[in-house]
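Structure record follows, encoded as structure tokens.
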Amino acid sequence: PYHTEQKVQIKLTKGKKEIQVNDRRIHDRKEIISNMPCIVFAHDDFFFVNGPPERKRWFFNQTLSLYDPLFIDSLRRYRKIVKARNIVLKEKHMDEIDVLTYQLAETGVLLCQKRIDLIRRFNASFSPLFRKISGQFDLEIQYRPSWKQFDSVEPVLSIMDRTKARDIEFGTSTTGPHRDTFTIHHQGQDFTRTASTGQIRLISLVLRVAQAVFFKAMTGKQPILLLDDVLLELDRRKRKAFFESLPEYDQALFTFLSHADIEYIGKQKPLVYAVNKGSITEWKKQEMF
């Protein structure tokens, strides 16, 4: 596989962070995503499964942003419009509401269309991956938009016209992509309502694997994988299936509490280091197994 080397510097000066890639200052995170697409596996990923709706939206917004830089621009524009509209709703500036409503509908329709296309494609990776790693059954992600019709701006404007009085009463935009939800289903039922803690943890792990596989399929690029000791609750068979399901990557950094899991990546000749009381030393292969 094709690999590139890049020089990355992060400077913290009086609380301000500056990032440079190849001695060039980065001003927008889109540039970082383009240069170093990272998939991060962390313990709090379970919020993508049973957390509040905004955490689920965050995950799928991130998934889209990894391969579609224009989505980032649309999402930023939408958030600015929502913020501006909420201000005029609170202050009851009636002459400005309609203008911002149209802008919100126009930008929001684009976000909805991108999300529905994303879920259709993402399920093609996620469902078989969960079946393989869990050894159980398929799961399916469902996208539930706040607007029931969003094929064009006109039906959205009709919806927002019906909710206008409520928006003014509460001083906030009560419908739109910022209210969308995502659910995970098995045989037509919301699986997260009955799933065990272990199953929720596994789903969150598979979501990240699917994100990496999906990114590779959409861009042809190999991601950087960062895995922060997320395999503790998996049995030996699931751990093996997990490692087998990872896509080709440009680089991967794993943290383990013990060396037991290193055997799964040993064939790739990893560099292994031990951290003990702040001291870092290299582990030799004979010490690992």
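The values are calculated or read from the model by the stated rules, or taken from the named source; none is laboratory data. Keep in mind the model is a prediction, meaning the values are calculated, not measured. Counting neighbours? That spans all protein chains shown, and the Cβs are built from the backbone with ideal geometry, glycine included. When the accessible area is computed, the model is the full protein with side chains, heavy atoms only, and any ligands, DNA or RNA have been set aside. Shrake-Rupley method; radii C 1.70, N 1.55, O 1.52, S 1.80 Å.
Here the Debye sum runs over all C-alpha atoms of the stretch 140-190 as equal scatterers in vacuum, and log10 of I(q)/I(0) at q = 0.16 Å⁻¹ comes out as -0.56.
Accessible surface for the chain, divided over its residues, is 57 Å² per residue with a 1.4 Å probe. Ligands, DNA and RNA left out, the 1.4 Å accessible surface of the chain is 52% carbon and sulfur atoms.
Calculated on the Cα set of the stretch 25-169, radius of gyration then Dmax: 18.0, 58 Å. Working from label points 7 Å from Cα in the Cα-to-Cβ sense, the Q136 to H93 distance is 5.1 nm. Hey, what angle do you get for helix 197-219 against the long axis of the chain, alpha-carbon based, 0 to 90 degrees rounded to 10? Roughly 80 degrees between the two axes. Rolling a 1.4 Å probe over the protein chains gives W58 an accessible area of about 100 Å². Within the full protein context, the accessible area of V99 is estimated at about 90 Å² for a probe radius of 1.4 Å. Using only the alpha-carbon atoms, how far is helix 69-91 inclined from the longest principal axis of the chain? Give it as 0 to 90 degrees, nearest 10. Rounded to the nearest ten degrees, it is 40. Label-to-label distance for T194 and T255 is 3.7 nm, based on points extended 7 Å past Cα in the beta-carbon direction. For the stretch 1-81, applying the loop criterion from DSSP together with a ceiling of 12 other beta carbons within 10 Å to the trypsin sites (Lys or Arg not before Pro) yields K7, K14.
For the stretch 172-262, applying the loop criterion from DSSP together with a ceiling of 16 other beta carbons within 10 Å to the GluC sites (Glu not before Pro) yields E233, E248. Compute the acute angle (0 to 90°) between the alpha-carbon long axis of helix 53-67 and the principal axis of greatest extent of the alpha-carbon atoms of the chain; round to the nearest 10°. With both axes taken from Cα atoms, the answer is about 70 degrees. Averaging 1/r over each pair of different alpha-carbon atoms in the chain and inverting the result gives 21.5 Å, the Kirkwood hydrodynamic radius. Computed over the chain with a Gaussian network model linking Cα atoms closer than 10 Å, the most mobile of I224, I87, I184 is I87. In this label model, R29 and D68 are separated by 1.8 nm, measuring between points 7 Å along each Cα→Cβ vector.
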